[in-house]
Amino acid sequence: MIRRPPRSTLSSSSAASDVYKRQVSSMSNRRRSIPTPIANGTEPGQPQTRVADKFADKLGVLAADPLVKVGEGAPFRTDEERASAPDRLNLDCRGLSSCAQLVGEERLRLLNYQNNQIKAVSNMTNLRCLVFLDLYNNQIEKIENLEALSKLRVLMMGKNKISRVENLEALSSLEVLDLHSNQISRIEGLSHLRELRVLNMAGNHLTEISGLGKFLEVLAEINLRHNQITHSTDTIPSLQRLFLSNNHLPSATKVDSLLQNATKLVELCLDNNPAADEPMYRAMLVDQLPSLRHLDLKRVTAEERRTASVSRKREDERLASIAHQTKVQTECEAAIAEVAALWRQKERGQSIGEGNGFSIVDGLKLSLYGDTSDELLSVYPHCVHLSLNYMDFDQLVKHLAKAHARSDLISVTLSDNHLTDLAQLRKCCAMLTKVPELSIVNNQASGSILFRPLVVHLVHALHTLNGKPVTNEDHARASELFGPFKSSLDVLNRPQSKDPAKIKRAAASYVRGLTHEALQVSIKQRQLDHSWPQVVTAQIQQLLAQIESNEEAYAEGILQQFRLEERKALADEGVLH
């Protein structure tokens with residue numbers, strides 16, 4: 001007996017198989033098991049089957065019939081032998097290299113040529129009653145010469161050498177087409193098969209699913225396992241079973257076109273694809289497909305469906321939140337870029353008007369860009385991290401005055417503020433003495449060699465400056481440089497001094513001179529650091545040029561200089577008089 005394969009291996013198509021129920025009952029005692037290879041599109045480790053085997057109990061495919069003679073000429077049967085089974089002929093494993101000329105076999109309905117060496121389809125002209133043709137496991141390279149088979153319902157051509165789907169226009173009644181384990185790279189040539197219900201193209205070279213849904217309105221089952229498929233562009237509402245295991249699908253969304261309108265889909269396999277590794281893979285599909293009963297050969301239970309619904313709702317909310325955050329971030333980045341562009345215009349002396357700024361509140365952080373109200377820090381009292389960007393010195397001072405009134409600020413960032421000298425830097429730091437974390441970047445003053453020690457000296461509570469911890473060495477350096485001038489700096493804030501205005505002006509003048517000198521030293525130091533390698537290189541090149549131009553003269557000059565220095569040394573020691 002032919003053993004029906006397990007349903008989980010390759011589900012049967014009852015609609016297609018019912019066509020043959022009434023044709024084979026008298027032959028059921030003459031069937032045998034059909035050997036099949038592993039490379040047929042099913043999963044490793046599972047019982048192997050072909051689409052033909054699914055219908056074996058209905059079709060009554062015969063074992064090699066000893067009554068059929070294969071000699072020098074074509075196979076033949078006697079009239080008596082033919083009368084006993086006029087509609088069935090099995091030529092399995094007969095060593096045939098071509099399709100036989102079956103004279104007198106016009107009543108054949110089921111013909112089996114599997115496991116031969118046939119290279120081309122031929123001699124089908126007189127077989128107009130065929131409904132089942134099995135050419136599995138041959139050497140056929142092209143689909144051809146099927147024009148007379150308008151009644152054919154099942155065509156099995158798996159495990160051949162076919163590279164293209166073609167010449168099927170005459171098969172208007174075809175319901176099952178098996179082309180697995182061939183060399184096909186594209187789904188095509190199927191638009192005329194309006195009755196096609198089952199398609200097996202597993203084990204080919206396909207990269208996409210297309211060309212099926214527009215005309216194949218009753219297609220219920222597709223097996224495309226073991227290809228290189230990455231996406232689908234088809235919509236097939238009639239689909240009931242879809243097998244896409246062992247492909248290259250990066251995400252289940254790549255086959256959304258197949259799944260969105262598949263209201264009849266009861267079985268789906270996407271295992272051994274990258275998509276199956278996604279965290280919400282199974283829950284998303286179970287919730288998306290209410291009709292689904294089996295996913296990746298595992299039954300979908302009612303409890304799993306309830307859980308999947310809750311999980312997908314949470315995932316949708318999470319994705320919606322991410323999408324919203326991404327949108328907000330994109331809008332903020334665009335606004336920041338606009339403010340930055342206006343800032344560059346202002347740097348070039350162009351007029352940009354007022355009110356070109358905006359603010360961002362992100363948790364405990366308040367970021368202000370451009371021309372914004374200095375009252376915003378009061379509006380958001382919970383914000384303990386402040387960032388001030390693209391503001392000139394006058395605007396910056398107004399905001400820092402508000403910040404000075406706050407004792408709970410944890411961090412402050414100043415970026416692109418036109419802080420050009422240490423006097424401006426000192427004034428800003430005087431309003432940030434309680435801030436433990438401070439960043440001052442993209443300002444000319446922050447490039448000075450005195451920047452770090454001055455800020456450490458002025459901001460008493462400072463723990464971190466520009467991302468680097470403030471160390472004991474930093475405090476020692478700051479005291480060394482600015483400790484002697486502490487009284488001059490303090491005098492600026494002594495209202496009880498005699499003639500405070502005069503003292504203040506004198507002290508301010510002294511500090512400006514000091515900071516200007518320090519800034520000039522810093523600039524010269526940077527210029528020296530930049531030019532020193534070039535100076536040394538030029539001297540070396542000049543020396544080498546002298547040596548190359550007159551090597552002997554150069555050597556003689558060095559020798560004379562050495563002798564002079566030697567004589568001088570001896571004279572200093574009293575050896576020479």
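The values are calculated or read from the model by the stated rules, or taken from the named source; none is laboratory data. This structure is a prediction, so every number in the text was calculated from the model and none was measured. No Cβ is skipped: glycine too gets one built from the backbone with ideal geometry, and neighbour counts run over all protein chains shown. With ligands, DNA and RNA removed, areas are computed over all heavy atoms of the protein, side chains included. Shrake-Rupley method; radii C 1.70, N 1.55, O 1.52, S 1.80 Å.
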(message) Out of Ala445, Ala476, I need the residue that is over 17 Å from Ser387 (Cβ atoms) and crowded, with 19+ Cβ neighbours inside 10 Å. Which one?
(response) Ala445
(request) Can you confirm whether the stretch 272-288 contains a residue that is open to solvent by 70 Å² or more (accessible area, probe 1.4 Å), touching a Ser or Thr at 6+ places or on another chain (Cβ under 6 Å) and modelled with pLDDT of 90 or more? (result) yes
(request) Can you give me the number of residues within the stretch 374-401 that are under 17 Å from Leu425 (Cα atoms) and among the charged types (D, E, K, R)? (result) 3
(request) Report, ordered by the first and then the second residue, all pairs with beta carbons closer than 6 Å, sequence separation of six or more or different chains, a first member in the stretch 240-265 that is farther than 17 Å from Glu208 by Cα, and a second member that is among the acidic types (Asp, Glu) and modelled with pLDDT of 90 or more. (result) Arg241/Glu221; Arg241/Glu267
(message) I need a count of the residues in the stretch 232-251 that are open to solvent by 60 Å² or more (accessible area, probe 1.4 Å) and within 19 Å of the chain's Cα centre (by Cα).
(response) 2
(message) Checking His231 against (1) within 26 Å of Tyr113 (Cα to Cα); (2) touching an Asp or Glu at 6+ places or on another chain (Cβ under 7 Å): exactly one of these is not met. Which one?
(response) (1)
(request) Tell me which residues, restricted to the stretch 254-267, are under 28 Å from the mean Cα position of the chain (by Cα) and either surrounded by fewer than 17 Cβ atoms within 10 Å (Cβ to Cβ) or in a loop (DSSP other than H, G, I, E, B) (or both). (result) Asp256, Gln260, Asn261, Ala262
(request) Could you tell me which residue of the stretch 74-103 is farthest from Lys119 (Cα to Cα), considering only residues that are of a type in the set (D, E, K, R), assigned to a loop (DSSP other than H, G, I, E, B) and within 59 Å of the chain's Cα centre (by Cα)? (result) Asp87
(message) Residue under question is Ser150, and the condition is that it be part of a loop (DSSP other than H, G, I, E, B), among the polar types (S, T, N, Q) and open to solvent by 20 Å² or more (accessible area, probe 1.4 Å); does it hold?
(response) yes
(request) For the stretch 170-177, state whether one or more residues are modelled with pLDDT of 95 or more and within 30 Å of Ser251 (Cα to Cα). (result) yes
(message) Going by what's in this entry, would Arg164 be described as in contact (Cβ under 8 Å) with a residue 12 or more places away in the chain, open to solvent by 10 Å² or more (accessible area, probe 1.4 Å), charged (D, E, K, R) and within 20 Å of Leu91 (Cα to Cα)?
(response) no
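Each row is one residue, and each column tells you yes or no for (1) of a type in the set (S, T, N, Q); (2) farther than 19 Å from Thr253 by Cβ; (3) out of contact with any strand residue (DSSP E or B) (no Cβ under 7 Å at 6 or more places or on another chain).
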| site | (1), (2), (3) |
| --- | --- |
| Leu285 | no, no, no |
| Thr301 | yes, yes, yes |
| Glu304 | no, yes, yes |
| Arg312 | no, no, yes |
| Arg318 | no, no, yes |
| Arg348 | no, yes, yes |
(request) Output yes when any residue across the stretch 355-372 is exposed (fewer than 15 other Cβ atoms within 10 Å of the Cβ) and over 41 Å from the mean Cα position of the chain (by Cα), and no when none is. (result) no
(message) I'm checking my understanding of the structure. Among residues of the stretch 399-422 that are surrounded by fewer than 16 Cβ atoms within 10 Å (Cβ to Cβ) and among the polar types (S, T, N, Q), which one is farthest from Ala445 (Cα to Cα)?
(response) Ser407
(message) Checking the condition closer than 20 Å to Lys159 by Cα, at pLDDT 75 or above, open to solvent by 50 Å² or more (accessible area, probe 1.4 Å) and not hydrophobic (A, V, I, L, M, F, W, C), which residue from Ser122, Ser97 passes?
(response) Ser97
(request) Sort through Leu425, Leu396, Leu386 and tell me the only one that's assigned to a strand (DSSP E or B) and surrounded by 19 or more Cβ atoms within 10 Å (Cβ to Cβ). (result) Leu386
